[in-house]
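Engineer: Attaching a single structure in structure tokens format; questions to follow.
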Amino acid sequence: MNIDKAVMRFAGTVVLVSLALAHWHSDNWLWLTAFVGANLLQASFTGFCPLATVLNKLGLKSGAAF
């Protein structure tokens, strides 16, 4: 697995979990969904992703995007 796939899997999982928590627990969990979306949007423009930096330090192989 490379960093690109790990970032997309992590972001997708966080979005789905936060949507489920918003449905069954509190609407405030939608702020987490918005944060993940905003971070993905800024990463598409700047190429900087905090999670990719952490995964790189943990030894995952680089992908094409990060």
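We did not get these values from a lab; they are worked out from the coordinates using the rules stated. All of these numbers come straight from a predicted model, not from anything done at the bench.
Engineer: Determine how many Å³ per residue the convex hull of the Cα atoms of the chain encloses.
Structural biologist: Values: hull volume 4.9 nm³, N = 66.
Taking the convex hull of the Cα positions in the chain, it is 74 Å³ per residue.
Engineer: If the chain between residue 48 and residue 64 were fully stretched, how many nm would it gain, using 0.36 nm times the residue separation less the Cα-Cα distance?
Structural biologist: Taking residue 48 through residue 64 to full extension adds about 4.5 nm, to one decimal.
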